[in-house]
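Written out below as structure tokens is the structure these notes cover.
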Amino acid sequence: MNLFQSTAVAVALATPVLAETAAPDALSTLRGTYESTGAEPWYGGFGHREFVFADGNWTLTFTHALDPDMALRTFQFRTGGSYAVGSPSDAVEGAFRTVFREDWKHLTLLTPDPALATAFGMADCGLTVNLETDISSTGCAAWRPVAECGEDHDILASDPSGLRFGVRPDDNDMCSADKTPTALLPAVVKRLPLD
């Protein structure tokens, strides 16, 4: 069993959506970079999420570390594709069921410690430390190959706190509609342009 399956994947406490939320049309035409406001508890350590939206497409860069300063980094996962905002969530008012296509999946092992690579289920993935590897066809750890899991069934909302995604299950599996989350994570906030 690896750390993806044995520890809480996401932030411990889901947070409620705030009063004013965006309509699905606004969510379907997101543009910009949204990121964590600081280190968040993920996978027995800490993580930083960065989402980029443009022209109906999205990318995620997720960086994991053992410490809240994000200095003892362990891995980075990147993915992306198109996305489609659907019907309102039955579980969370103001959120919408959203399918995020994952056309590709890339993983970088950032720690030379073989015990950590094993703990995260990455020891047998053919990874080289600090070299990004395309795992789209092979998968690695909790990430299944694109052919087996090319969609992430999530919920999406935008309120005054920022852009909100669903709380991921412990096994990280949101590959089918029945795995759609029923609570929201804290917001990622839009990065302002440097003018």
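Which of (1) touching a strand residue (DSSP E or B) at 6+ places or on another chain (Cβ under 9 Å); (2) more than 25 Å from THR180 (Cα to Cα); (3) β-branched (Val, Ile, Thr) is the odd one out, the single condition THR33 does not satisfy?
Condition (2) is where THR33 drops out.
Here's a check for you: in the stretch 32-64, which residue that is part of a loop (DSSP other than H, G, I, E, B) and open to solvent by 50 Å² or more (accessible area, probe 1.4 Å) is nearest to GLU102 (Cα to Cα)?
This residue is ASP55.
What is the one condition in (1) under 26 Å from ALA177 (Cα atoms); (2) in contact with a strand residue (DSSP E or B) (Cβ under 7 Å, 6 or more places away or on another chain); (3) surrounded by fewer than 16 Cβ atoms within 10 Å (Cβ to Cβ) that ASP67 does not satisfy?
Checking ASP67 against (1) under 26 Å from ALA177 (Cα atoms); (2) in contact with a strand residue (DSSP E or B) (Cβ under 7 Å, 6 or more places away or on another chain); (3) surrounded by fewer than 16 Cβ atoms within 10 Å (Cβ to Cβ), the one that fails is (1).
The values are calculated or read from the model by the stated rules, or taken from the named source; none is laboratory data. No experiment lies behind these values; they were computed from the predicted model shown. Don't worry about glycine lacking a Cβ; one is built from the backbone with ideal geometry, like all the others, and counts go over all protein chains shown. Calculation scope for accessible area: heavy atoms of the full protein, side chains included, ligands and nucleic acids excluded. Shrake-Rupley method; radii C 1.70, N 1.55, O 1.52, S 1.80 Å.
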